[in-house]
Structure formats: structure tokens, C-alpha cells
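K.L.:
Pasting a structure below so you can have a look.
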Amino acid sequence: MRILLINPEFPETYWGFNHALKIVGKRCAYPPLGLLTVSALLPPPWEKRLIDLNVSNQLRVSDIRWADLIFVTGMITQKKALHRVVKECKAYGKRVAVGGPYVSTSMEQVPEADYIFVGEAETTLPEFVADLAAGRAKQYYKAVERPPLSISPIPDFGLINLNRYNTMSVQYSRGCPFSCEFCDIIEIYGRVPRTKDNEQLLAELDALLSLGWRGSVFLVDDNFIGNKKNVRLLLPRLTEWQKKNNYPFTFLTEASVNLADDKAMLGEMQKAGFHRVFLGIETPVEASLNETQKTQNTKRNLLESVRTIQGFGLEVMAGFIVGFDNDPDDIFQRQTDFIQESAIPLAMVGILTALPDTQLWRRLQKDGRLLGESNGNNIGAEELNFVPIMDPKRLMEGYRSIIQTIYRSPEYYARVLECLKRLPAPLRPEPKFRSLGSNLAVFGRIVVRLGVIDRERTEFWRFARQAFWKHRDRFVQAMSLAVMLHHFQRLNEELTEN
């Protein structure tokens, strides 16, 4: 059996970092971890190929014709591309199976596929393989229960060209204990966080190490600290593994803001090599946090929480949302001020969107305020999929005012410098994952793009001088963040033009 696994392309978003990746010589931020896991669940004798259209840019007819069966996945932001891929493969008479987050929450929008997988695949795929062999494969497969992650295999990392990606991905846990109204993660994975055991995760890191990967690894858990008990057991083992292998990786992940309450855990994360964490801050307005059931962010000083985390060497990224029913008239200025004061360089600001089958979706549908399915991209959205309390035109204009302000060079570079000031001296020198020649080539491209071609070059050189003299031990990090600004500014220009 010959299997073709296809990851459709993502539209350009802040999360894609497309413009930044071009400068550092990478094609995509992260590999399609879901498909790599699916591949590992299929029988070893089956031949497998993976086409990531975010890397290769085209689906060749020869690949389609080669396959006996085609697996396609996608998030809601990929839905247009997913439908297009399925249609193209079906045009060649191929059997197509679809799954992933979009399919799992949008059954009524599923493309015309031969086999449909809803939810997690650890139990349904083996069932499908057995049914296929017996000639009784069904069109629809859905797990009766959420599977334990102990049965999840090591992803088939060997299917990809690691050098085309900026960061590798592994998953430690699924699920989140909180109940944020707009979140689809708790609908897909549940509110009881399940984790892999320590040996499983370390085996995945061993697999990446053996393939030659050195550099950044993203623990893609939607809330890494959802199961604190197990995380406390993992972190010392992770530190031990890093030390044994001469610290080949740096880690980034996502977590809830209550991470700031656990200084012992923050210290363990710092020792293990975590250097960045994404927080869902959403808004500094407590009434809006209560509205969206994000109570874990209330009754705390969010600015102090961010500073506490930064004090353990973790650069904070964060998500922010406007468009809540309880947003006051000055919400746009309050969001802008919070982002500046928090020294969060990578602040992802979006407009509230109702994702399918979330609590927010169901509430708005009941109230007659739902306008249609979201495209999943709440950043740069020009069309709301619900009727907001605030005047829609005012909401759009206010949203644009935030992103146009926070990604102006002076404001952005000021946040970076303040962030670097808050971070303690690294526990060890910045790891050198590239050869000297490769590093010089990347730095040369940064200098040419940001220091020569870019119209903001004066601001860049002012920033580079300050970063070098005041934060020399984090200069590589400073340049990386400068490249991110280039991405945000180019994307904002494109959104404005469109």
C-alpha cells in the first residue's frame, strides 16, 4: 500500500512568519506533526510520502498517481486549501481520507472524501487499517473515548527534510483544565489534560537528535502546565537529558498565566532550556475576562505575572483579543498600553471569532448573532462572523490602530530592549546550532534587508547598537526579534493594501 500524506498550505498570517523565514533561509516555521504521527500509526510495510505544501508549493501529478490512498489534514485556516487538495486528488480517481482539527469541528463542511476521521487517531486509524484489509472500511470513524497518550507513537520525523523548517515540534499533552468560551481545544481534546510519560517524550527527542536536528523545539501543547503534577516529574528528566546531550535544543511552549504562581516550576523550565512561552492574556479588562470564562487571568496583576515569568529567562509571547461584549470604549488604547508596559515583543492581537462548536459559537447561535463560519484567522480579519456589541466599523478601526502602533519600529524595538533588560543572564552561552559560515550568511541577509534596503533602517541600526552594547549575551535573540518585526510590518502592509 502506497500512502501520500498532504498538508495543505496555510494563508499568510502573523503565525506563519513567512517574511522572517525568507531571511533566515527556512521555508516553514513548523512541520506537520499530526501527519507525522498518522504516518507512524500506519503499518510499517506501507510506503509513505509526505507533501507539505507550505514547503514544496506544488502538488505534483506524479505524486498523486503514485498513491493508493491519500491522507489530508488541516486546521480551519487551511480549509480552502484542504477542499482544493481533496478535489484535485479525487479528480484522479484516488481514495482520500481526511482528518484533523477542521474536520473534527466542522462535519457539515467536510469535503467529499472517502474516509472521514473525527477526533484523535490513535484508536481509529488501527481500526481503519483492519477494516481496509478485510474489505469493510467505513466512511466515518470517530473515537468512542479520548485515547491515552501512552499509545501515541514516535512521529515519523524521517519523512521530512528537517533543514527546511525553523523549529521542530513534539507534543507532551492534550487538553486543558480551563473553560475559555472561545476556545475549541477543550472541545477537541477535553478538559482533563493527558500526558505522555517521560520516556515517550525523551524518545521523541532522541529521534530528532539522531536525525541531526539541533536548535529550537516547540512543545505544541495548548497548555503545557495543564497537568502540573506530571510536568513537575518531567522537567528534571528533561534537564538531565539536555545535560547528557550537551544541550542540543532550546524549548518553547504555550501555558496559562498561572505559570507565574509556580516559581519552582519556572526555575525548572529555565534549567531545562526553555527560552520562550506563549500566554493567552487576551485582555486587561476583567469584565471581558469574566465574560469569556477566563477566570484564571482575573484577580491577579497581569503585568506582574508577565514580569515574573520574564525574570526566569523566558521571553513572553502573548495573544490578545478585541471584540468582547464587555470591551469598553477605550479598549484599543488599553490593549496598546498593556502590550508596551509588559515588554512583550511578539504580541498577537486578533479580533474575537466564533469557532465551530465552541461555547461562544453556541451562545451566539442561540442569541441569533452568528453570521457564518469563521475562516479561523482572527488576525487581520476583515469580516466578522458574529454581530458584536461594539459598532463593527469602530471595532475594525480600533483593531488596526493597535497593530499599526505596536509594530511601529520605535515602539517595537523599545519593547524588545525592555524585555532583554528583564531577562536574567543566560545560564549558559547561547547555543551555536549553525556553522560560523552559516551564521555569518544569515546575519548578512539581516543587515542587507533591515539595515540597507528597509526604509526603517535608521531605527534598526539604533536598536542594533543598543542591543550589542547592553545585551551582548543575547544579541542573537535581539536580531531574531528584529527579523520578526520585518515580518509583521510587511504583513501589515499587505493587509492594508488588500
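K.L.:
Just wondering, is there one or more residues in segment 191-201 that are assigned by TED's automatic domain parsing to the domain that holds H275, closer than 30 Å to M484 by Cβ, buried (at least 16 other Cβ atoms within 10 Å of the Cβ) and of a type outside the set (S, T, N, Q)? Let's see the steps before the verdict.
P.N.:
Step one: list which residues in segment 191-201 are assigned by TED's automatic domain parsing to the domain that holds H275, which gives 191-201.
Applying the additional criterion that residues be closer than 30 Å to M484 by Cβ yields 193, 201.
Still in the list and also buried (at least 16 other Cβ atoms within 10 Å of the Cβ): 193, 201.
Going one step further and asking which of them are of a type outside the set (S, T, N, Q), we end up with 193, 201.
So far as segment 191-201 goes, yes, one or more of its residues are assigned by TED's automatic domain parsing to the domain that holds H275, closer than 30 Å to M484 by Cβ, buried (at least 16 other Cβ atoms within 10 Å of the Cβ) and of a type outside the set (S, T, N, Q).
K.L.:
Hey, another quick one. Sort through E304, E282, E315 and tell me the only one that's assigned by TED's automatic domain parsing to the domain that holds N246 and farther than 22 Å from I403 by Cβ. Lay out the reasoning, then the answer.
P.N.:
Details: E282 fails: farther than 22 Å from I403 by Cβ; E315 fails: farther than 22 Å from I403 by Cβ.
From the options E304, E282, E315, the qualifying one is E304.
K.L.:
Turning to a different aspect of this structure: Would you point out the residue of segment 380-401, among those that are surrounded by fewer than 18 Cβ atoms within 10 Å (Cβ to Cβ) and at pLDDT below 90, that is nearest to W15 (Cα to Cα)?
P.N.:
E382
K.L.:
For segment 267-322, which positions are of a type in the set (A, V, I, L, M) and within 23 Å of M390 (Cα to Cα)?
P.N.:
I281, V285, A287, L289, I321, V322
K.L.:
When only residues in segment 323-336 that are part of a helix (DSSP H, G or I) and within 25 Å of the chain's Cα centre (by Cα) count, which is nearest to P388 (Cα to Cα)?
P.N.:
Step one: of segment 323-336, the residues part of a helix (DSSP H, G or I) are 331-336.
Subset that is within 25 Å of the chain's Cα centre (by Cα): 332, 335-336.
On the way: F332: 15, Q335: 18, T336: 21 Å.
Within segment 323-336, the match that is nearest to P388 (Cα to Cα) is F332.
K.L.:
When you scan segment 45-56, do you find a residue that is at positive phi, part of a loop (DSSP other than H, G, I, E, B) and either in contact with a Lys or Arg (Cβ under 6 Å, 6 or more places away or on another chain) or outside the structural domain of N385 (by TED's automatic domain parsing) (or both), even just one?
P.N.:
Our first condition is that a residue be at positive phi; within segment 45-56, this holds for none.
Checked against the condition, which is being at positive phi, part of a loop (DSSP other than H, G, I, E, B) and either in contact with a Lys or Arg (Cβ under 6 Å, 6 or more places away or on another chain) or outside the structural domain of N385 (by TED's automatic domain parsing) (or both), segment 45-56 yields no hits at all.
K.L.:
Does R27 count as under 30 Å from A482 (Cα atoms), among the charged types (D, E, K, R) and not assigned by TED's automatic domain parsing to the domain that holds L346? Before you say what the answer is, go through the steps one by one.
P.N.:
Values: under 30 Å from A482 (Cα atoms): yes; among the charged types (D, E, K, R): yes; not assigned by TED's automatic domain parsing to the domain that holds L346: yes.
Taking the combined requirement at face value, the residue satisfies it.
K.L.:
Then there is this: So is L82 part of a strand (DSSP E or B), out of contact with any Lys or Arg (no Cβ under 6 Å at 6 or more places or on another chain), in contact (Cβ under 8 Å) with a residue 24 or more places away in the chain and crowded, with 22+ Cβ neighbours inside 10 Å or not? Reasoning before the result, please.
P.N.:
Working: part of a strand (DSSP E or B): no; out of contact with any Lys or Arg (no Cβ under 6 Å at 6 or more places or on another chain): yes; in contact (Cβ under 8 Å) with a residue 24 or more places away in the chain: yes; crowded, with 22+ Cβ neighbours inside 10 Å: yes.
So L82 fails the test.
K.L.:
Please specify each residue of segment 126-142 satisfying the condition of being out of contact with any Phe, Trp or Tyr (no Cβ under 7 Å at 6 or more places or on another chain) and outside any loop (DSSP other than H, G, I, E, B). Give the steps one after another, and end with the answer.
P.N.:
Keep residues of segment 126-142 that are out of contact with any Phe, Trp or Tyr (no Cβ under 7 Å at 6 or more places or on another chain), which gives 126, 129-136, 138, 140, 142.
Within segment 126-142, P126, V129, A130, D131, L132, A133, A134, Y140, K142 qualify.
K.L.:
Take the conditions touching a Leu at 6+ places or on another chain (Cβ under 9 Å), closer than 28 Å to L360 by Cβ and among the charged types (D, E, K, R) and apply them to E268. Does it pass?
P.N.:
no
K.L.:
Do any helices (runs of 4 or more DSSP H) lying entirely in segment 143-262 carry at least 1 residues that are at negative phi and modelled with pLDDT under 95, and which ones are they?
P.N.:
Values: elements: 185-189, 198-210, 228-244.
Output list reads 185-189.
The values are calculated or read from the model by the stated rules, or taken from the named source; none is laboratory data. Every value quoted in this text rests on a predicted model; they were computed, and no experiment measured them. As a convention, Cβ positions derive from the backbone with ideal geometry for all residues, glycine included, and neighbour counts pool all protein chains shown.
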